[in-house]
1. Taking the Cα centre of the chain as the origin, how large is its charge dipole in debye, to the nearest 20, when only Lys and Arg (+1) and Asp and Glu (-1) carry charge on their Cβ atoms?
2. In a Gaussian network model over the chain where Cα atoms closer than 10 Å are linked, find which of G69, G143, G174 has the largest mean-square fluctuation.
3. Take every Cα pair under 8 Å in region 32-182 that's 6+ residues apart, average their separations, divide by the length, and report that relative contact order as a whole percent.
4. 7 Å from Cα along Cα→Cβ at both K191 and K214: what's the point-to-point distance in nm?
5. Provide the FRET efficiency to the nearest 0.05 for the R137-D94 pair, computing r from the beta carbons and using R0 = 25 Å.
6. Largest first and in whole Å, give the semi-axes of the chain's equivalent ellipsoid, each being the square root of 5 times a Cα gyration tensor eigenvalue.
7. Report, in deg cm²/dmol and to the nearest 500, the calculated mean residue ellipticity at 222 nm for the chain, where each DSSP H run with n ≥ 4 adds -39500 (n - 2.57) and the sum is divided by the residue count.
8. Can you list the lysines whose alpha carbon is less than 18 Å from that of K9, not counting same-chain residues fewer than 8 positions off?
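Read-outs throughout are calculated quantities, based only on the coordinates presented, and are distinct from any laboratory measurement. Worth saying up front: this structure is predicted, and the values here are computed from it rather than measured. Methodologically, a virtual Cβ is constructed for each residue, glycine included, from the backbone with ideal geometry; neighbour enumeration extends over all protein chains shown.
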Amino acid sequence: MVRLTKEEKEQINTLINKNTSLNKISIITNKSKSTLYYYYTKLKSRKFSKIKFNYSDEELGEFLGIFTGDGGFYFDKARYKYIIRIYTGLVDKDYNEELIKFFSKIFYKKPHNYIKFKDNVCILSYHSKDIYLLLKRFLEWYGTKTYSIKLKEPHNYSKDFYIGFLRGLFDTHGNFYRPKKRVSYGTVSSKLVLQVNGIMNKLGFYPTLYINKKEHFYTLNLHGTPAMGFLEFVRPRNIRKIHGFGLSARHELPNKIIG
């Protein structure tokens, strides 16, 4: 390990406290990023507390479903950061707050939470290579994520995992229509909709697949008793979407699998 002088350490510490990127500090000081990061942790502990994983199969599936539906990833080359974001609408304030609790539990760290009023969205974010690697372990996508994302196969996923995955998907991209007792899930990813259809079949639910060729949009629908049975089985976390069905949200139930 390269040893730094007292003056060099003080300079690096000053730059870090000014939130200067490691790339820029490397240029200013002519030191490698690996050397800088070592002293960075020694001088300032850690700017960001380390992510720790603490999830069940069901919780892992749910997080992956949430990211699949409304997540985004960006690698900031200038700051060398892996940025994971989850977007929720401003109307889903309760769901956003529930996700903060959920993510804090499974990652041992509270996400950064901010509102982008111009786009009417709340954004939860983490700067974490570990979470990115977790996502890439179970999900695959290329180009525009929305059109290509799907679960990696083959994987020996458990029933609990599938329940969580469906919950995350339906909480983000599902709709629940009370008057007609209809549940629907929509996506522009042809590969993903076939996967979701297969998962629902495995769990005993047989949705109707509707394809809008003009819009390249795919929808899975359940009606009547099967729709109500699906909601009871998956227990969505987004209470706004199930309001009026006479059901409790997931976070209001005991911590166990229904069905």
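1. Details: 46 positive and 22 negative charges, 171 e Å.
With Lys and Arg at +1 and Asp and Glu at -1, about 820 debye.
2. G143
3. Details: 201 pairs, mean separation 50.0, N = 151.
This gives 33 percent for region 32-182.
4. My value for the distance between the label points is 2.9 nm.
5. Numbers: r = 30 Å, r/R0 = 1.22.
So, using R0 = 25 Å, E works out to roughly 0.25.
6. Details: eigenvalues 340, 68, 56 Å².
For the chain, the semi-axes come out at 41, 18, 17 Å.
7. Details: 11 runs with 118 residues, N = 259.
It lands at -13500 deg cm²/dmol.
8. Within reach: K18, K24, K31, K33, K42, K44, K47.
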